[in-house]
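Novice: Just passing along the structure, written as structure tokens.
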Amino acid sequence: MEAAYLKAYKNGFLQERIKKALSILKCCVLCPRTCKVNRLEGDRGVCRTGRYAKVSSYGPHFGEEDPLVGTGGSGTVFFTHCNLLCVFCQNYAISHRGEGFEVAPDGLATIMIQLQERGAHNINFVTPSHVVPHILEALPRAIEDGLNVPLVYNCGGYESIKTLALLDGIFDIYMPDLKFADDTIAQRYCNAPDYPERAKAAVKEMHRQVGDLIINERGIAERGLLVRHLVMPEGKAGTYELMGFLAGEVSKNTYVNIMNQYRPCGDAAKFRELSRSITSEEYHEAIQDANAAGITRLDQRMQRGVFL
Ligand code: SF4
């Protein structure tokens, strides 16, 4: 299957999308924070990112879901800063403290090509929501240098539908988190009470664009939606409700990774209920919630017992 952005490049609509995306930076409303700062002039909003993206690290990653990893790994590019800023973030130094280096578009294109040359099956942009124009801007150069693997949009789920529309026909794989079902909890941990509404709308739009996950005969993801859900202590993530949403309003065949790796990181210790890992009972209950909702396609590692 040809990567979607190759057609967008040939048809000329990639250039139109780049122009539109860059123009948003003048009064930034790329994400639901709607900071309205002029990032082209170096002003910063919640994500503290200006004209150029910052990258904290990149390389083939073998810890992602099997269909992304295959034999060559997933070509991850970890962006610095974040538009969501969860208090318990496992990458706190990167997302909150801003560790990383600035990259111009050509630099980002070179990173993509290097990852492909090292055998990565995809380019997996981690925390991309605040740097969508920067990613798009780097693509023509990467395409001219031979990029042809699919792009993965690996995000926290706090997205603007208008920004996602700019990615239609360019990204083949969406991998959003679905973190919280409850507004009060999203406010408490991310200062984003509209997170549940925004994330659900985003997942529906992503599914509209790319459909259920398609995995080829070699076990590699080619196109589609993959949802991640981190189980939280005391049921704070709202697993039952979110799995019901996916099964009822998106697709029972949604590929879902229910993750058990919650650990108190960042500022989590300031919140009593977040100061511990989850129990095996809490994790099993989350799996049962997904099964009860009718989700038929849980990540294979659960079935092999890796998470148990
Ligand atoms: S991308 Fe950054 S500056 Fe733009 S609206 Fe979101 S948080 Fe604010």
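Novice: Note the full-extension length gain between Val29 and Phe101 as 0.36 nm times their separation in residues minus their Cα-Cα distance, in nm to one decimal.
Specialist: 23.5 nm
Novice: A follow-up question, please. With a Cα-only, solvent-free Debye model of the stretch 1-135, what are the log10 I(q)/I(0) values at q = 0.13, 0.20 Å⁻¹?
Specialist: -0.60, -1.27
Novice: Still on this structure, I have one more. Thr254's amide H: which non-local residues (gap 5+, or another chain) put their own amide H closer than 5 Å, with H modeled 1.01 Å from N in plane and none for Pro or chain starts?
Specialist: Thr296
Novice: For the chain, build the convex hull from the C-alpha positions and give me its volume per residue in Å³.
Specialist: 114 Å³
Novice: Quick check on the chain: helices-only [θ] at 222 nm, where DSSP H runs of length 4 and up contribute -39,500 (n - 2.57) each and the sum goes over total residues. Nearest 500, please.
Specialist: -10000 deg cm²/dmol
Novice: Of the candidates Ala247, Ala269, Ala142, which one comes out as most mobile in a Gaussian network treatment of the chain with C-alpha springs shorter than 10 Å?
Specialist: Evaluated over the chain, the most mobile residue of the options is Ala269.
Novice: Considering only DSSP states other than H, G, I, E and B, which chymotrypsin sites (Phe, Trp or Tyr not before Pro) in the stretch 25-116 qualify as loop sites with at most 15 other Cβ atoms within 10 Å? Display every interim value, and only then the final one.
Specialist: Numbers: sites: Tyr52, Tyr58, Phe62, Phe78, Phe79, Phe88, Tyr92, Phe101; in loops: Tyr52, Phe62, Phe88.
When the chymotrypsin sites (Phe, Trp or Tyr not before Pro) of the stretch 25-116 are filtered for loop state and at most 15 Cβ neighbours within 10 Å, Phe62 remain.
Novice: Kindly state, to the nearest 0.05, the FRET efficiency for Glu249 paired with Gln114, given R0 = 41 Å and r defined as their beta-carbon distance.
Specialist: Efficiency for this residue pair is about 0.55.
Novice: Report relative contact order for the stretch 187-286 in percent, whole number only (criteria: Cα-Cα under 8 Å, sequence separation at least 6). Intermediate values should be presented prior to the final figure.
Specialist: Values: 113 pairs, mean separation 24.6, N = 100.
For the stretch 187-286, the relative contact order is 25 percent.
Novice: Show the residues, 5+ positions off or on another chain, whose built amide H is closer than 5 Å to the amide H of Ile278.
Specialist: Correct list: Tyr262.
Novice: Give me the number: length gained by fully extending Asn38 to Asp168, i.e. 0.36 nm times residue separation minus the C-alpha to C-alpha distance, one decimal in nm.
Specialist: 44.3 nm
Novice: I would also like to ask the following. With the cut-off at 31 Å, tell me which of the pairs Lys200/Lys270; Lys19/Lys204; Lys162/Lys270; Lys7/Lys54; Lys204/Lys270 have Cα atoms farther apart than that.
Specialist: Lys162/Lys270; Lys204/Lys270
Novice: Let me know the charge dipole size of the chain about its Cα centre in debye, to the nearest 20, where only the beta-carbon of Lys, Arg (+1) and Asp, Glu (-1) is charged. Could the numbers behind the result be given before it?
Specialist: Working: 35 positive and 36 negative charges, 146 e Å.
About 700 debye.
Novice: While we're on this one: For the stretch 73-82, what does the Karplus curve 6.51 cos²θ - 1.76 cosθ + 1.60, with θ = phi - 60°, yield as ³J(HN,Hα) per residue in whole Hz, taken in order and with x for Gly and Pro?
Specialist: Karplus values, whole Hz, x for Gly and Pro: x, 9, x, 7, 10, 8, 7, 7, 6, 6.
Novice: Based on the alpha carbons, how large is the Rg to Rh ratio for the stretch 107-232 when Rh follows Kirkwood?
Specialist: 1.00
Novice: May I ask you to list the GluC sites (Glu not before Pro) in the stretch 182-228 that are in a DSSP loop and have at most 14 other Cβ atoms within 10 Å of their Cβ?
Specialist: On the way: sites: Glu197, Glu205, Glu217, Glu222; in loops: Glu217.
Answer in residue order: Glu217.
Novice: Something else about it: Can you give the FRET efficiency to the nearest 0.05 for Phe13 and Ser57, using r as the Cβ-Cβ distance and R₀ = 30 Å?
Specialist: Efficiency for this residue pair is about 0.45.
Novice: Remind me, relative contact order of the stretch 105-195 in percent, using alpha carbon pairs under 8 angstrom and six or more residues apart?
Specialist: Relative contact order here is 26 percent.
Novice: Follow-up. Sequence-distant or interchain residues sharing an amide H contact under 5 Å with Asn124, placed H: which?
Specialist: For Asn124, whose amide H was placed from the backbone, the distant partners under 5 Å are Gly75, Thr76, Val77, Val152.
Novice: Mind checking which of Tyr262, Tyr195, Tyr174 has the largest fluctuation in a GNM of the chain, springs on alpha carbons under 10 Å?
Specialist: Highest fluctuation of the listed residues: Tyr262.
Novice: Output the relative contact order of the stretch 4-303, whole-number percent, from Cα pairs under 8 angstrom with separation of 6+ residues.
Specialist: 16 percent
Novice: If you plug each phi of the stretch 101-117 into the Karplus form 6.51 cos²θ - 1.76 cosθ + 1.60 with θ = phi - 60°, what whole-Hz ³J(HN,Hα) values come out, in order, with x for Gly and Pro?
Specialist: Result, rounded to whole Hz: 10, 6, 10, 7, x, 5, x, 5, 4, 5, 4, 4, 5, 4, 5, 5, 5.
Novice: For the stretch 234-250, take each phi angle, set θ = phi - 60°, evaluate the Karplus expression 6.51 cos²θ - 1.76 cosθ + 1.60, and give the result in whole Hz per residue in order, putting x for glycine and proline.
Specialist: Going residue by residue, I get 6, x, 5, 6, x, 4, 4, 5, 5, 5, x, 4, 4, 5, x, 10, 10 Hz, with x marking Gly and Pro.
Novice: Let me ask you something else. Looking only at His284, His134, His121, which one moves most when the chain is put into a Gaussian network model with springs between Cα atoms under 10 Å?
Specialist: His284
Novice: On to the next question. If the convex hull of the alpha-carbon atoms of the stretch 94-150 is projected onto planes in all directions, what is the mean projected area in square nanometres?
Specialist: Values: hull surface 16.2 nm².
Hull-based average projected area comes out at 4.1 nm².
Novice: Most exposed first by the Cβ proxy, i.e. fewest other Cβ within 10 Å, how do Cys47, Cys190 rank?
Specialist: Numbers: Cys47 26, Cys190 21.
Final ranking by Cβ density, sparse to dense: Cys190, Cys47.
Values quoted throughout were computed directly from the atomic coordinates according to the rules given, and no laboratory measurement underlies them. Keep in mind that what you see is a predicted model, and the values were worked out from it rather than measured. Methodologically, a virtual Cβ is constructed for each residue, glycine included, from the backbone with ideal geometry; neighbour enumeration extends over all protein chains shown.
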